[in-house]
Structures are given as C-alpha cells and as structure tokens.
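Structure first, commentary second.
Read-outs throughout are calculated quantities, based only on the coordinates presented, and are distinct from any laboratory measurement. All of these numbers come straight from a predicted model, not from anything done at the bench. With ideal geometry, Cβ positions are generated from the backbone for all residues, glycine too; neighbour counts draw on all protein chains shown.
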Amino acid sequence: MTSPAFGLLLDVDGPLASTVTRSLRVPSIAADLVAIANAGCPVVFNTGRSDRFLAEQVIPGLVEAGLAGDAPVWGIGEKGATWFSVTDGEIGELQIDETIAVPAELTALCREINDQHLDLMFWDDTKRTMVSLEQNLDVTNADYLARQPEVTAQLDDAIARLGLQDSFYTVPTIISIDLEHRAAGKARGAERAIALVTERMEVPHRWFTAGDSNGDYDMAAWLHDNGYEATHLDVRPSGADRETAFPVLREVPTFGENHAEDDITAAYLTRWRAELAV
C-alpha cells in the first residue's frame, strides 16, 4: 500500500469558514480540498463546531466541487467529542463521546446566562457535548468582544457554583465562548483523526494543520509528539510567535482585500494541491 503524500488536519472557523459569513466564502477552498482528497490524501476537519455545522456548511460545498464517493474525508466536531466519515457525499454514522458532555444542570445555568445577552450572542443548539455562546451575525465583532469577558466570568461562576471546575472550563474565541470538558481539545481531535485514518488506509507521515487560535497548535504538537512530520499554518489575527518543535507558517491577516484568515489558508491549500499535480 502506497502512503499518501500528506494529510490535512484543519480547524474550520477562520482558516476555512469565514468568521464573518460563517461559511466557505473563498471558492478555491472547496475545489482544492476536493482535489487533494480525490488524490487519496486524507482530509480531516478538527473543529469545535458541531456535526450539523459541518454537514450544512462544509460538506455540501465539497460535494458540489466534485468530491469522489470514496475520497478519504472525516469530520471531528466539538474538539474530539463527535466524529463521522463522509461516504458518497453523505455523512456517516455519528459517534459521540458522552463521557465529556456538559451535565444538564450546568447547561441550564449557561442557558440562563445566554438569555441575558441575546442582543449580542445566541445559543448554539447544534452542540451535543459542549456549550457555545456565539456572536450574532448582525453585531460587530468589536461590540461582541467588549462584553465577552463579562459573559465568560458569569459562565466561570456557574461552573464554580456546581463545583465542576476540575472538569469543565471556558474557552473564549474570536466569535464565541465555548464551555467544554478539560479532556476535550484539538489534541484529542488529532488522536481521533489518526485512529479514523488508520482504520481505512495507510496513514501519511507528513501532515499540514491549520488554525486561528492558540489551541490549534495542539494538533501539530500531538502529531509531532507521536512521530509524524507536522507543519502548522497559523492565521491568528493577533498574538506573539510561539516557539515550537515543529515548523510553523505564520501569516497575520490584515483583513484588507483578499487577506482574511480564509484567504490565507486558501493560498496555502492551492500550493499544497500543486505538490500533487492534480
């Protein structure tokens, strides 16, 4: 069995889906991902998003771009807590790790907090194991971020009131606040990704990862620590360069014309596709 030239392990929000439109905005992204997958290279989405978001906002674009029925594509949602394969353009059986789900009592408190801030954020009811309060599409990111620390503190207080701080914590992002189990994360998703690929095909030695947060580095770190050659594309809008044991491609989006996070990733995907001559 011939090993694929490389694999892709990709965050979705930011690198692929615009944080403004919450969709695959750049046309070349779907076309290049499909060409890479159709050439036999595994493509795995490793995101905090839900399976439904992937099923509605990502996979249809790949199918429309010509995704082959047997192309090696997987979705890992909620930072390793849910996962599925894509076969014949359809989402396969969804698997859920219920052991890291937010308990109902804490979920109820979080819902009450969200309801106090409906002018700026909404409750993501597609999540199965975590809680996410996301910026409304009709408000500015600056307005949302200005209140985010207050809401995060409320959520942290809810966790503490139930004595669950050893198991759960909050993770503020550019457009949301996630409340999740400490065992969840992009490293867990990376481990899950390799397990899924192993079940189906020879795992490539070389991987490209991409993300727009500090936590996304954990994908490449896990791969590196487990003997794979990993290169990470970092499209964080801000933040200092990080020292790592693996190569990092760092490009800061200016948000000028054609230079948002997804524009940057699109350019790299085109380069990686060119390596395959497809």
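For region 8-24, 3J(HN,Hα) computed residue by residue from phi via the Karplus equation (6.51, -1.76, 1.60; θ = phi - 60°) reads 10, 10, 10, 5, 10, 4, x, x, 10, 9, 4, 6, 8, 8, 6, 8, 6 Hz, glycine and proline entered as x.
GluC sites (Glu not before Pro) within region 158-234: which are DSSP loop residues with at most 16 other Cβ atoms inside 10 Å? If you can, show how the numbers build up before the last one.
Numbers: sites: 180, 191, 199, 202, 229; in loops: 202.
Passing both the DSSP loop test and the Cβ count: 202.
The reciprocal of the average 1/r between distinct C-alpha atoms defines the Kirkwood hydrodynamic radius, which for region 128-250 equals 16.4 Å.
Over the C-alpha trace of region 1-157, radius of gyration and Dmax come out as 17.4, 56 angstrom.
Taking a point 7 Å out from the Cα of residue 56 in the direction of its Cβ, the residues of region 125-143 whose backbone N falls within less than 14 Å of it are 125-128, 134, 137.
Would you compute, from DSSP H runs of 4+ residues alone, the mean residue ellipticity of the chain at 222 nm, taking -39500 (n - 2.57) per run and dividing by the full residue count, rounded to the nearest 500? It comes out at -10500 deg cm²/dmol, rounded to the nearest 500. Given their separation in residues at 0.36 nm each and the Cα-Cα distance between them, residue 91 and residue 255 gain 55.7 nm when the chain is fully extended. Based on the Cβ-Cβ distance of residue 162 and residue 5, what FRET efficiency does E = 1/(1 + (r/R0)^6) give at R0 = 35 Å, to the nearest 0.05? With a Förster radius of 35 Å, E is 0.15.
Placing a pseudo-label 7 Å from each Cα along the Cα-to-Cβ vector at residue 275 and residue 64 gives an inter-label distance of 2.9 nm.
Using a Gaussian network model of the chain in which every pair of alpha carbons under 10 angstrom is joined by a spring, one finds that among 209, 231, 126 the greatest mean-square fluctuation is at 126.
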